[in-house]
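Report on the following structure.
Just so it is clear, none of the values below were taken in a lab; they were calculated from the coordinates. Not measured: the values here are computed from a predicted model. Heads up, the Cβs are rebuilt from the backbone with ideal geometry, glycines too, and the neighbour counts pull from every protein chain shown.
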Amino acid sequence: MAGWRHRLGVNYQLWRANGALADYYESLRPILQREHLLHVPLVAIDLEMTGLNAQIDQIISVGLLPIEQQRLQLSGAVHQLVSINGSVGQSATIHGIVDRQLQQDVMSQSEMLLWLLQQTQGKLLIFHHGMLDIAFLSKLCMQVFQRPLHLPIVDTMQLEQRRLLRDRHVIEHGSLRLAACRKRYHLPAYSAHNALMDATACGELFLAQTAFAGWETQPLDDYLFWF
């Protein structure tokens, strides 16, 4: 998708959006005018959920890590718990978050969405397997703004899949998981399923993927995927 089509897509979403969601889309417009990735503000993001079905499961935590000019901004890292309706159930064995942690002074689902839009305004989002995370955020946008969320993001899983296919690698089951992708770049193994840890792992993977691509000359469009 050429750059003008990204801008057209965001303009269309902006035309139909309202409130904080419209402000968020507006903040993307100047970013998409830029030709290269180097000077684009980025933020690696990860969500932990009670399950993988966006229609019935809920977000329980968010991890954010800003990236500027090829550097992780660790001072800006944030981990936020989110309250849910009901119990985390058996998902606690995956992410380690239990019900009592979500009954303390934490954001509601709608408060988290508004906070997230504000925290990431004017930045491109980096996910690993962004389709899943965007589905959950889009459901919340429907509840709060009566509009789904559609936007261009950077997706390290999609970037890795494209690289492997270009180099004619066989993509085996599990080879596009975050840990497996990091291993190919000789990045250290981290404990998974903590939102901030996974956001950090995603950010590091992105920097490794782009280390030899030439940020100064690589077109921004080459990194964008729509969900």
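Here are the numbers for this structure:
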read-out	value
Neighbour-count order for Cys141, Cys181, Cys202, fewest beta carbons within 10 angstrom listed first	Cys141, Cys181, Cys202
P(r), alpha carbons of the chain - 10 Å bins starting at zero, rounded %	8, 33, 37, 19, 3
Convex hull projection area averaged over all views, the range 158-227, Cα basis, nm²	5.6 nm²
DSSP bridge orientation in the chain - percent antiparallel, rounded to nearest 5	75 percent
Fluctuation leader among His169, His95, His129 - the chain, Gaussian network, Cα springs under 10 angstrom	His169
